[in-house]
Amino acid sequence: MSTATENIFQAIISHAKEYGFVYQSSEIYDGLSAVYDYGPYGSELKKNIKDYWWKSMTQMHQNIVGIDAAIFMHPTTWKASGHVDNFSDPMIDNKDSQKRYRVDHIIEAKADQLREAGKSAEADALLASMDQLLAAEDFAGLKQLLADYQIVCSVSGTGNWTDIRQFNLMFSTQLGSVAEESDTIYLRPETAQGIFVNFLNVQKTARMKVPFGIAQIGKAFRNEIVARQFIFRMREFEQMEMQFFVRPGTQKEWYNFWKQERLNWHLSLGLPAEKYRYHDHVKLAHYADAALDIEFEFPFGFKEVEGIHSRTDFDLKSHQEFSKKKQQYFDNDIDEATGKPYGNYIPYVIETSIGLDRMFLLILSHAYEEETITKEDGSTDSRVVLRIPAKIAPNKLAILPLVKKDGLPEIARELMDECKGAFKCFYEEKDAIGKRYRRQDAIGTPFCVTIDHQTKEDNMVTIRHRDSMVQERIPINKVKELVLSHISY
Ligand code: GAP
């Protein structure tokens, strides 16, 4: 990261704390690495992102239903899913600094350096070699790559590396009291398995017909070794996942559908298309026959925010094998080729998986702006504004009586009562109006309404738009309608 982008990113982190969005977990005990808490505005924003996703999946798509599965699952789940054997990252230690790194991360950092130095072709070659070696699990080759590109530890400055080893990312704990016989169970590293093990429950009880989807939002846990970049990579985080069950042979077409559909969801929030790109995977996870990342340009470069995976029938087939319970679906639609029903099969699955916390960081980092304002008299002023899309902003409307007397608070409270059932409002009568506007800008409130003495005469109020700072007079009974027109789905 260049110093300028590092400074912006640090400013965003400080802002998130100062204005009640994100705090370090257990801060009074000096925090817990890569674990975070959400404050009053952060928890509102997070919930709004969740609701926006949930609605787009389960309300806007007639063939998708939701579930809420437990975090703890039978331990065999993780054997069947392949996580016990395969859910690991290649790690390396520097012998001089004793620091541990994910091998792909230090190679990617080197590629970024090469690119910043204008050596893009060399950076591309480095990443291509890394992808090939990772796919082949050729750890000796990867270590040689570090030597060839003189990749060194950022702390010790040396290339004195240990061998590369795999490190499993699942957290484990014990079920039952210590005195009794206890079983090792895992904190789920993805929410997807809660969907797979409930596939037939949901299909039968909600009377779903393939193709159909099951959506879920919930916590996931990974013992990330290198956890940096604030809430980008956490040890406890939330995922919003959807498994879409399709007829075998149709997975390519559904993969393309969901690739586009998910990007459209991001764009529907008014986020700029040029900040997004797809990244096709070369090294496929053990369950996938195709996969890509939807990447966003964060302050520290283009990074994954969401994954689209064609998971084949791997998971259902494997659960069938381990549980000895059939995971088949009977498709009574007629196959035109044979003139007979498609019959029994294990569906293929397209998965869309987005990190809620990562989406939160995306919104925050895109929204944050330190703006210089030129006033009418030519003088300048500045403000920090969060241009959070109105649909997901923590507060939608701030209601501000100009003074706290002369009957203005009473009118403001009446407006508050009219609007608060429809969307989140904020009431404040303290401080000069300019100061109050700045505070609302800093937490991303899209609309402020001011009640002044003229309101008593003509029932008109001043509505101020956060992004343009334009102020207009509108009838007080049109305020609710105006805000609703900007936040409806
Ligand atoms: N079920 C598939 C799955 O879990 P993944 O690519 O490992 O796939 C999906 O994760 C998404 O979850 C990522 O695109 C990212 O947004 C989020 N995610 C993964 N690990 C994370 C972490 N340690 N901290 C925050 N978000 C994470």
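Apply 1/(1 + (r/R0)^6) to the Cβ-Cβ distance of residue 376 and residue 467, taking R0 = 30 Å, and write down the FRET efficiency to the nearest 0.05.
In this case the efficiency is close to 0.95.
Given the -39500 (n - 2.57) contribution per DSSP H run of 4+ residues, what per-residue ellipticity at 222 nm results for the chain, rounded to the nearest 500 deg cm²/dmol? Don't jump to the answer; show the numbers that get you there.
Values: 16 runs with 169 residues, N = 489.
Value at 222 nm, helices only, nearest 500: -10500 deg cm²/dmol.
Give a quick list of trypsin sites (Lys or Arg not before Pro) in segment 276-366 that DSSP marks as loop, anything other than H, G, I, E or B, with at most 11 other Cβ atoms within 10 Å.
Qualifying residues, ordered by number: 324, 325, 326.
Between residue 207 and residue 320, what length comes free when the chain is fully extended (0.36 nm per residue of separation minus the Cα-Cα distance, one decimal in nm)?
Length gained, residue 207 through residue 320: 38.6 nm.
Using a 10 Å cut-off on Cβ atoms, rank the peptides 249-257, 445-453, 217-225 from the highest mean neighbour count down.
Descending packing order for the listed peptides: 445-453, 217-225, 249-257.
Suppose R0 equals 45 Å. What FRET efficiency, 1/(1 + (r/R0)^6) with r the Cβ-Cβ distance, do residue 456 and residue 37 give to the nearest 0.05?
0.55
Once fully extended, how much extra length lies between residue 281 and residue 167, figured as 0.36 nm per residue of separation less the alpha-carbon to alpha-carbon distance?
Result for the pair: 38.9 nm of gain on full extension.
Report the dimensions of the chain along its three principal axes from the alpha-carbon atoms, largest first, rounded to Å.
The Cα atoms of the chain stretch 76, 64, 56 Å along the principal axes, largest first.
For the pairs 55/396; 259/303; 219/424; 17/219; 303/326, note any where the Cα-Cα span goes beyond 28 Å.
Distance filter (> 28 Å) returns 303/326.
Using label points projected 7 Å from each Cα along Cα→Cβ, tell me how many nm separate residue 128 and residue 28, to one decimal.
Result for the modelled spin labels: 5.7 nm.
Determine, for 431, 313, the number of other Cβ atoms within 10 Å of each Cβ, and report the residues in order from fewest to most.
Least to most surrounded, the residues fall as 431, 313.
On a full-extension model of 0.36 nm per residue, what is the gain between residue 477 and residue 154, subtracting their alpha-carbon distance, rounded to one decimal in nm?
Numbers: separation 323, 0.36 × 323 = 116.28 nm, distance 6.04 nm.
Separation in residues times 0.36 nm, less the Cα-Cα distance, equals 110.2 nm.
Between residue 121 and residue 413, how high is the FRET efficiency from 1/(1 + (r/R0)^6) when r is the Cβ-Cβ distance and R₀ = 60 Å? Nearest 0.05.
0.40
At residue 113 and residue 7, where each label point lies 7 Å from the Cα along Cα→Cβ, what is the point-to-point distance in nanometres?
Result for the modelled spin labels: 2.3 nm.
Can you put 387, 473, 188 in order, fewest other beta carbons within 10 Å first? Numbers along the way, then the final one.
On the way: 387 18, 473 12, 188 26.
Fewest to most other Cβ atoms nearby, the residues stand as 473, 387, 188.
Dipole of the chain (Lys/Arg Cβ +1, Asp/Glu Cβ -1, origin at the Cα centre): which of 7, 173, 107 lies farthest to the positive side?
173
Please rank 287, 36, fewest neighbouring Cβ atoms within 10 Å first, as an exposure proxy.
Ordered by Cβ neighbours within 10 Å, fewest first: 287, 36.
None of the figures in this text is laboratory data; all of them are computed from the coordinates on show. This is a predicted model, so every value here is computed, not measured. Here Cβ is always computed from backbone atoms with ideal geometry, including for glycine, and neighbour counts include all displayed protein chains.
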